[in-house]
Amino acid sequence: MIRYQLKCKKDHEFDAWFKDGQTCDRQLARKTIECPVCGNKTVSKALMAPRIGNQEKLREEKRQMAVAAAAMREQLQQIRTKVEENCDYVGDRFADEARKIHYGEADPRGIYGEASDSEFEELSDEGIEVARIPWLPRSDA
């Protein structure tokens, strides 16, 4: 495993782990990596210092990252539950319904559904408040 510091075209920096350097390069070229801040898919490697340290420290950092990742997954599951309980699912009509609500053509309410990258950007450009939430699958494990 290798960790890279990445940066989107809006200068948001974030870390990501990859199987190897080739996997990172392949995903960057295919634009399958998305900025967790803004959702932008124009991402490149950022300048980073080499990692030099003892193995025990590295193992502890990996353990802490695993704990943090588990906590993040739990928080995302809680967000999903709250959204499902309090908002209307509109499916692939999300962009149209968000516009209707924004322009007063439909009653204001919380909604969730699917939108393409271009639909998301268009809504944002129109000043319509939207957010992307990583929608993790339900898990019994």
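Read-outs throughout are calculated quantities, based only on the coordinates presented, and are distinct from any laboratory measurement. Predicted model only: the values in this text are computed from it and were never measured. Cβ placement follows ideal geometry from the backbone for every residue including glycine, while neighbour counts extend to all protein chains displayed.
Considering only the stretch 102-120, how many residues are closer than 20 Å to Lys41 by Cα, exposed (fewer than 15 other Cβ atoms within 10 Å of the Cβ) and not polar (S, T, N, Q)?
2
Here is a yes/no grid of residues against (1) under 26 Å from Arg132 (Cβ atoms); (2) exposed (fewer than 14 other Cβ atoms within 10 Å of the Cβ):
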| residue | (1), (2) |
| --- | --- |
| Cys8 | yes, no |
| Phe14 | yes, no |
| Lys19 | yes, yes |
| Asp25 | yes, yes |
| Arg30 | yes, yes |
| Cys35 | yes, no |
| Ala46 | yes, no |
| Glu56 | no, yes |
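Looking at Glu60, Glu129, can you tell me which residue is assigned to a loop (DSSP other than H, G, I, E, B) and either acidic (Asp, Glu) or in contact with a Pro (Cβ under 8 Å, 6 or more places away or on another chain) (or both)?
Glu129
Which of (1) assigned to a loop (DSSP other than H, G, I, E, B); (2) within 19 Å of Met65 (Cβ to Cβ) is the odd one out, the single condition Asn40 does not satisfy?
Checking Asn40 against (1) assigned to a loop (DSSP other than H, G, I, E, B); (2) within 19 Å of Met65 (Cβ to Cβ), the one that fails is (2).
Tell me, yes or no, whether the stretch 98-116 has at least one residue that is farther than 21 Å from Val37 by Cα, in contact with a strand residue (DSSP E or B) (Cβ under 7 Å, 6 or more places away or on another chain), of a type in the set (Phe, Trp, Tyr) and not in a helix (DSSP H, G or I).
no
Given the conditions (1) over 19 Å from Trp135 (Cα atoms); (2) surrounded by 11 or more Cβ atoms within 10 Å (Cβ to Cβ); (3) within 19 Å of the chain's Cα centre (by Cα), which single one is not true for Arg99?
Arg99 satisfies all of (1) over 19 Å from Trp135 (Cα atoms); (2) surrounded by 11 or more Cβ atoms within 10 Å (Cβ to Cβ); (3) within 19 Å of the chain's Cα centre (by Cα) except (3).
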